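> Structure below; questions to follow.
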Amino acid sequence: MTNVSRAEDLVGSKLDLGLGLDPVSPTLVRYWCEAFEDSNPRFWSEENPIAPPGLMTSVCRLPYWPVDPSIDQRGIIGMVGDALALPESIVKNVDFEFNRDLKIGDRIRCVERVISISEQKKTRIGPGHFVCIERSYEDEEGEVVGSAVLDFFKYARAQKPKPVEAPPVGNVVRPSQSERGGLSEATRPDASSLKAGDELDPLSWKLNSTRMILMGYICRDFNPVHHDAEYARSNGLKHMFMQWACYSGVIGRYVARELGTDGQMSRLKFEMRRPVYAGEQLEVRGTIIERSSDETRLDISLSDSNGVATSGQVWTRA
């Protein structure tokens, strides 16, 4: 049986990762907000606080240092990679849905399902297969809190990767005192009067190495391409790059600042056209497409020095 045949046998299969070891807590919320400099008062309130929706992807992850060493921390995408003999992964497309507010005390389980595996494709990083995975995020009572559909590209690390020149000394700087947190962003004063067609103010943010590692850690994705510059360059990449779940944190912060903190993301869909690397100046922009008393939809883009790197849409509910 070929590698592809073994992998195709996994299509339709499910993997229940079990309830996350840790419940959503004020400490985890604070760490998430610290990583993304998110001062949304709904996350900091002492009365009935809620958690950032993207945190559900973190609290359900299997521990990097497992209690049970027989459990594979990589989940079902690791099983597909083993079957294909393609251990490396990069996410291309993400479609999140957040069904309800994530609350303090919630324990979340993730149930994964393989939807499809493509024929072999050739890309800039080499040949491989696109793998579509569906994830259901459920609480202790089995209520679906959120869901996600993700398109991974599975590939093998090059035997002799093309050398990549390291960034010049000083290009990736340590954070200055003003970048160390404590930033309080007020909601724009005219947020309630915004309407379809309005362009939102941009958010510019320096992705220094410290910030990248903070974001990767709270998202609990320990693929070294997100925190190890040397490993990333050995894979033919320019530098370590932003992890896919981090986009929910960056965009969530931006949407609350521009639209007001009363709304919560109900859906987030985006395509990562290319990586966003450490050392870049990230700029987030948005345009309102539809707005009603119940829901707002906007186009979103994230750009670096080379132009738009990621684009998508966000839905919020009142």
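> Taking HIS226 as the residue in question, decide whether it is under 20 Å from TYR64 (Cβ atoms) and either open to solvent by less than 30 Å² (accessible area, probe 1.4 Å) or in contact with a Gly (Cβ under 7 Å, 6 or more places away or on another chain) (or both). Quick ask: steps written out before the conclusion?
Values: under 20 Å from TYR64 (Cβ atoms): yes; either open to solvent by less than 30 Å² (accessible area, probe 1.4 Å) or in contact with a Gly (Cβ under 7 Å, 6 or more places away or on another chain) (or both): yes.
Against the criterion (under 20 Å from TYR64 (Cβ atoms) and either open to solvent by less than 30 Å² (accessible area, probe 1.4 Å) or in contact with a Gly (Cβ under 7 Å, 6 or more places away or on another chain) (or both)), HIS226 qualifies.
> Taking the residues in the range 177-206 that are at pLDDT below 90 and farther than 23 Å from THR296 by Cβ as candidates, determine which candidate is surrounded by the most Cβ atoms within 10 Å (Cβ to Cβ).
GLU179
> From the list TRP205, TRP244, which residue is closer than 30 Å to GLU290 by Cβ and part of a loop (DSSP other than H, G, I, E, B)? Reasoning before the result, please.
Details: TRP205 fails: part of a loop (DSSP other than H, G, I, E, B).
Only one candidate passes the filter, namely TRP244.
> Tell me which residues, restricted to the range 1-49, are over 29 Å from ASP101 (Cα atoms), open to solvent by 90 Å² or more (accessible area, probe 1.4 Å) and touching a helix residue (DSSP H, G or I) at 6+ places or on another chain (Cβ under 9 Å).
Passing the criteria: ARG6, GLU8, ASP9.
> Does any residue in the range 233-254 that is at pLDDT below 95 and open to solvent by less than 20 Å² (accessible area, probe 1.4 Å) come within less than 6 Å, Cβ to Cβ, of a residue that is part of a helix (DSSP H, G or I) and hydroxyl-bearing (Ser, Thr, Tyr) six or more places away or on a different chain, and which pairs are these?
ALA245/THR57
> Taking the conditions exactly as written (within 29 Å of GLY81 (Cβ to Cβ) and hydrophobic (A, V, I, L, M, F, W, C)), does TRP65 satisfy them or not? Spell out how you get there, then give the answer.
Numbers: within 29 Å of GLY81 (Cβ to Cβ): yes; hydrophobic (A, V, I, L, M, F, W, C): yes.
Criteria met by TRP65.
> Okay, moving on. What number goes with the only condition from (1) in contact with a Phe, Trp or Tyr (Cβ under 6 Å, 6 or more places away or on another chain); (2) part of a helix (DSSP H, G or I); (3) not β-branched (Val, Ile, Thr) that SER89 does not pass?
Tallying (1) in contact with a Phe, Trp or Tyr (Cβ under 6 Å, 6 or more places away or on another chain); (2) part of a helix (DSSP H, G or I); (3) not β-branched (Val, Ile, Thr), SER89 fails exactly one: (2).
> A further question on this structure: Any residue in the range 118-135 that's closer than 24 Å to LEU15 by Cα: show its pairings with residues that are among the hydrophobic types (A, V, I, L, M, F, W, C) and open to solvent by 20 Å² or more (accessible area, probe 1.4 Å) at Cβ separation under 6 Å, as long as the two are six or more apart or on different chains.
Sorted first by the residue in the range 118-135, then by its partner, the pairs are SER118/PHE130; GLY128/LEU86; HIS129/ILE117; VAL131/ILE117; CYS132/ILE115; GLU134/ILE115; GLU134/VAL149.
Each row is one residue, and each column tells you yes or no for (1) without any contact (Cβ under 8 Å) to a residue 12 or more places away in the chain; (2) over 27 Å from ASN208 (Cα atoms); (3) over 17 Å from the mean Cα position of the chain (by Cα).
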position	(1), (2), (3)
VAL29	no, no, no
ASN40	no, no, yes
SER45	yes, yes, yes
VAL59	no, no, no
TYR64	no, no, yes
ASP72	yes, yes, yes
ILE90	no, no, no
PHE98	no, yes, no
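> Something else now. Would you pick out the residues in the range 50-70 that are in a loop (DSSP other than H, G, I, E, B) and either open to solvent by less than 10 Å² (accessible area, probe 1.4 Å) or at positive phi (or both)?
Quick first cut of the range 50-70, residues in a loop (DSSP other than H, G, I, E, B) only: 52, 60-70.
If the condition is that a residue be in a loop (DSSP other than H, G, I, E, B) and either open to solvent by less than 10 Å² (accessible area, probe 1.4 Å) or at positive phi (or both), then PRO52, CYS60 are the ones that fit.
> Which of the residues belonging to the range 94-115 are open to solvent by less than 50 Å² (accessible area, probe 1.4 Å) and part of a strand (DSSP E or B)?
First, pick out the residues of the range 94-115 that are open to solvent by less than 50 Å² (accessible area, probe 1.4 Å): 94-96, 98, 100-102, 105-106, 108, 110-112, 114.
Within the range 94-115, VAL94, ASP95, PHE96, PHE98, LEU102, CYS110, VAL111, GLU112, VAL114 qualify.
> Now, a different point. Of all the residues that make up the range 259-269, how many are surrounded by fewer than 23 Cβ atoms within 10 Å (Cβ to Cβ) and under 23 Å from GLY307 (Cβ atoms)?
Residues meeting the conditions: 1.
> Select from the range 276-309 the residues that are surrounded by fewer than 16 Cβ atoms within 10 Å (Cβ to Cβ) and farther than 15 Å from SER248 by Cα and list them in ascending order.
Residues satisfying the conditions are GLN281, THR287, ILE289, GLU290, SER292, SER293, ASP294, GLU295, SER305, ASN306, GLY307, VAL308.
The values are calculated or read from the model by the stated rules, or taken from the named source; none is laboratory data. All of these numbers come straight from a predicted model, not from anything done at the bench. Glycine gets a Cβ as well: all are built from the backbone with ideal geometry, and neighbour counts include every protein chain shown. Protein only, heavy atoms only, side chains kept; ligands, DNA and RNA dropped before computing areas. Shrake-Rupley method; radii C 1.70, N 1.55, O 1.52, S 1.80 Å.
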